[in-house]
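The values are calculated or read from the model by the stated rules, or taken from the named source; none is laboratory data. A quick note: this is a predicted structure, and the numbers were derived from the prediction, not measured. Because the Cβ atoms are built from the backbone with ideal geometry, glycine has one as well, and the counts that use them run over all protein chains shown.
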Amino acid sequence: MENEPTINRRGFIKKALAATGAAALGVVAILSFKKTAIVKRPSLDFDRLSKIDPSLIQYEQCAKSIATGFSESRAIAVDSKGLIHVAGDRTTRAFDQSGNLLKESSLRGMPRSLFLTGQGLLYIAMTDHIEVFNEQYKQIANWKSFGPRSLLTGVAVSKDHVFVADAGNRIVVHCDSRGKILNYIGKKDKAKNIPGFVVPSPYFDLAVAPDGLLRVANPGRHRIEAYTFDGDFEFAWGKPTFRIEGFCGCCNPVSFAILPDESFVTCEKGLLRVKTYEPDGTFKAVVAGPDQLAEGRICHICTSPAKCGTGGFGVTTDEKGRIFVFDTIKNLVRIFAKT
């Protein structure tokens, strides 16, 4: 794409370090603007941390994994017909749940996030702008760039409201259905009790919940926050911990989705875990852990943005409450159902 800035993960991480400093890094790394100093701590027992009590796992894979054919996977969405839409390699593809490829379309840039409306419109977040497609994958709108610093990682639509997660600027951009910017959400403001987003790596997700509030993952703070459409901060849940009920590492959760019963499903990178939570953030269950997701790969806990720039899985749900986990390392879609 002619106007697409050349932003890669390394460039993003450099900007993240300069903008967030040591406060964003979580458990074991202390970073300055120019160099990284590692504080030596007792080594973690990764084998123990990766083991999950079987009684907590309340889902199982219910279909054969679907190979997307991508070399670099980015985003997933499921429509009301049950078709699975995935994006990567400058392409969007749609599969049925048996893994049959039904349609695909080439893009002029690398897609980073997808959102499907009930009317069949597909919103695709590119690096610095939004493109809109109809059900036949024909482009019907191409919004202007949000700026050279932008790195768009999430998009959510609610009626005439479009919310875009901009990891490059660490802000949520609230637009109307034609791309006009209405306001910005999440800028640090002590007077309004807005903490500000800490986004050390290029993972920054959002969704509109059934209660009408916007939910935004604040990965550097290890929590999910709730905002009104006007940008007022309402509440947050989540905490940094190695325990199963929380989030660990540099920056988690990397993605989340909302189930039909209004509970949440979250993905963590590093120590691969997919979990569910009540709407108020109370831990419910494990969907899958390293034993189900790693498949022989070595899991580790990311402790700095330099180690955490890749490997973040995507997740979405369907009307039946099934959970679709997008393995961006092996480029697979795994479908889980409650046992």
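I'd like to verify a number: residues in the stretch 29-73 that are of a type in the set (Val, Ile, Thr) and modelled with pLDDT under 65, how many? Give the steps one after another, and end with the answer.
First, the residues of the stretch 29-73 that are of a type in the set (Val, Ile, Thr): 30, 36, 38-39, 52, 57, 66, 68.
Imposing the further condition that a residue be modelled with pLDDT under 65 reduces the set to 30, 36, 38-39.
Qualifying residue count, the stretch 29-73: 4.
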Original post:
Is it true that some residue in the stretch 111-129 is buried (at least 20 other Cβ atoms within 10 Å of the Cβ), over 20 Å from residue 267 (Cα atoms) and among the hydroxyl-bearing types (Ser, Thr, Tyr)?
Top reply: yes
**OP:** State yes or no: is residue 229 surrounded by 21 or more Cβ atoms within 10 Å (Cβ to Cβ) and assigned to a loop (DSSP other than H, G, I, E, B)?
**Re:** no
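Could you tell me whether any residue of the stretch 210-219 is farther than 25 Å from residue 278 by Cα and outside any strand (DSSP E or B)?
no
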Subject >> Single condition residue 139 does not satisfy, out of (1) touching a Phe, Trp or Tyr at 6+ places or on another chain (Cβ under 6 Å); (2) over 16 Å from residue 224 (Cα atoms); (3) crowded, with 21+ Cβ neighbours inside 10 Å >> reply: (3)
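Which ones in the stretch 240-268 are of a type outside the set (A, V, I, L, M), in contact with a Phe, Trp or Tyr (Cβ under 7 Å, 6 or more places away or on another chain) and either assigned to a loop (DSSP other than H, G, I, E, B) or under 14 Å from residue 222 (Cα atoms) (or both)? Before the answer, list the steps.
Here is the first cut: in the stretch 240-268, the residues of a type outside the set (A, V, I, L, M) are 240-243, 245-253, 255-256, 260-264, 266-268.
Narrowing further to those that are in contact with a Phe, Trp or Tyr (Cβ under 7 Å, 6 or more places away or on another chain): 240, 245, 248, 251, 253, 255-256, 263-264, 266-268.
Scanning the stretch 240-268 gives 240, 245, 248, 251, 253, 255, 256, 263, 266, 267, 268.
Name every residue in the stretch 172-209 that is in a loop (DSSP other than H, G, I, E, B), among the small types (Gly, Ala, Ser) and out of contact with any Asp or Glu (no Cβ under 9 Å at 6 or more places or on another chain), in order of residue number. Let's see the steps before the verdict.
Keep residues of the stretch 172-209 that are in a loop (DSSP other than H, G, I, E, B), which gives 177-180, 186-188, 193, 195-205, 209.
Within this subset, residues satisfying the condition of being among the small types (Gly, Ala, Ser) are 177, 179, 186, 196, 201, 209.
179, 201 - these are the residues of the stretch 172-209 that are in a loop (DSSP other than H, G, I, E, B), among the small types (Gly, Ala, Ser) and out of contact with any Asp or Glu (no Cβ under 9 Å at 6 or more places or on another chain).
Here is a check on your reading of the model: is residue 26 on the phi > 0 side of the Ramachandran plot, buried (at least 17 other Cβ atoms within 10 Å of the Cβ) and at pLDDT below 95? First the steps, then the outcome.
Working: on the phi > 0 side of the Ramachandran plot: yes; buried (at least 17 other Cβ atoms within 10 Å of the Cβ): yes; at pLDDT below 95: yes.
Here the answer is yes, as residue 26 does meet what is asked.
I'd like the residue in the stretch 263-308 that is of a type in the set (Gly, Ala, Ser) and on the phi > 0 side of the Ramachandran plot and, out of all such residues, is modelled with the highest pLDDT. Break it down stepwise before answering.
Our first condition is that a residue be of a type in the set (Gly, Ala, Ser); within the stretch 263-308, this holds for 263, 270, 281, 285, 288-289, 294, 296, 304, 306.
Then drop every residue that is not on the phi > 0 side of the Ramachandran plot, which leaves 270, 281, 296.
On the way: 270: 86, 281: 97, 296: 58.
The qualifying residue modelled with the highest pLDDT is 281.
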Original post:
What tally of residues in the stretch 189-221 results from selecting those that are without any contact (Cβ under 8 Å) to a residue 12 or more places away in the chain, surrounded by fewer than 12 Cβ atoms within 10 Å (Cβ to Cβ) and of a type in the set (D, E, K, R)?
Top reply: 1
